[in-house]
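Participant: Okay, here's the structure, questions in a sec.
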Amino acid sequence: MTGTGWVAVMPVKRLAMAKTRLRGAVPASLHDRLVLAMARDTLAAVLACPLVRRALVVTDEPAAAAALAELGAERVPDRPDAGLNAALARGAALAAGAPVVALTADLPALRPDELTAALTALSHRPRGYVADATGTGTAMLAARPGVDLDPRFGPGSAHAHALSGAVRLDGDWPSLRQDVDTEADLAAATALGLGRHTAELVGAARYGGR
């Protein structure tokens, strides 16, 4: 699907409310910065994918909107308490007929070539998803032009997306599958190789930085 110009949609919660299960992985004073660092690394990898031409970040977090705009994202205002799937649908509605790929903002080890391979694997199928490292969640959901994204993220989302008709896409894409919800997830992402912003933050936490 080279040259089709994918639009990536990535929701980002208010930093104070995000990644509650990850609290304790770094000192409390660095938690919000860790969440933002992961979002920055995710976005940087997404924008480095040659198949992606735009990135829409759905957020009502001012710090995230500013930091991600510096990397090239376009901000879509979020609606408070609307939820993850509503945010993704809101962003997808602004894709102007382009194919849409939805990703969460917690893929700090993401490699652009793995995202490229996953999008290419969709081929001519209308809609597909990549399961996360646990096999139960969803790391990526993609839809061709004119096809409703129909996001169903949340507990058991891989099964929910399969039931909705999305095709499961399988490949050797560990950095795409490794989302970070817990300290163990962060360790797994670190083993794969973190992006620059997250690596610097984790290094600062490890060596007593502020």
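The values are calculated or read from the model by the stated rules, or taken from the named source; none is laboratory data. Predicted, not measured: the structure shown is a model, and the values here were computed from it. Every residue, glycine as well, gets a Cβ built from its backbone with ideal geometry; the counts of neighbours run over all protein chains shown.
Participant: Out of the residues in region 33-55 meeting the condition of being charged (D, E, K, R) and either assigned to a strand (DSSP E or B) or free of Cβ contacts under 8 Å to residues at least 24 places away in the same chain (or both), tell me which one is surrounded by the fewest Cβ atoms within 10 Å (Cβ to Cβ).
Facilitator: It comes out as Arg53.
Participant: If I filter region 97-117 for residues that are exposed (fewer than 14 other Cβ atoms within 10 Å of the Cβ) and modelled with pLDDT of 95 or more, do I get at least one hit?
Facilitator: Within region 97-117, not a single residue is exposed (fewer than 14 other Cβ atoms within 10 Å of the Cβ) and modelled with pLDDT of 95 or more.
Participant: Cβ-Cβ below 6 Å, separation at least six or inter-chain, first residue in region 95-118 and more than 11 Å from Ala8 (Cβ to Cβ), second surrounded by fewer than 19 Cβ atoms within 10 Å (Cβ to Cβ): which pairs?
Facilitator: Gly97/Pro145; Ala109/Leu192; Ala109/Gly193; Pro112/Ala48; Ala117/Gly171
Participant: Testing Leu22 on (1) over 30 Å from Asp148 (Cβ atoms); (2) surrounded by 24 or more Cβ atoms within 10 Å (Cβ to Cβ), one condition comes back false. Which one is that?
Facilitator: Only one criterion in (1) over 30 Å from Asp148 (Cβ atoms); (2) surrounded by 24 or more Cβ atoms within 10 Å (Cβ to Cβ) is unmet by Leu22, namely (2).
Participant: Please go through region 56-80 and pick out each residue that is in a strand (DSSP E or B) and either among the aliphatic types (A, V, I, L, M) or surrounded by fewer than 16 Cβ atoms within 10 Å (Cβ to Cβ) (or both).
Facilitator: Leu56, Val57, Val58, Glu74, Val76, Pro77
Participant: Looking at region 2-17, is at least one residue at pLDDT 95 or above, charged (D, E, K, R) and more than 12 Å from the chain's Cα centre (by Cα)?
Facilitator: no
Participant: Let me ask something else about it. For region 124-210, which fully contained helices (runs of 4 or more DSSP H) count at least 3 residues that are farther than 23 Å from Leu43 by Cα and over 18 Å from the mean Cα position of the chain (by Cα)?
Facilitator: Counting at least 3 such residues, we get 157-163.
Participant: Filter region 190-207 down to residues that are at pLDDT 95 or above and not basic (Lys, Arg), then give me how many there are.
Facilitator: Within region 190-207, residues that are at pLDDT 95 or above and not basic (Lys, Arg) number 9.
Participant: Keeping to region 98-113, report how many residues are closer than 11 Å to Ala48 by Cβ and not aliphatic (A, V, I, L, M).
Facilitator: At the first step, the residues of region 98-113 found to be closer than 11 Å to Ala48 by Cβ are 110-113.
Going one step further and asking which of them are not aliphatic (A, V, I, L, M), we end up with 111-113.
Final tally of qualifying residues: 3.
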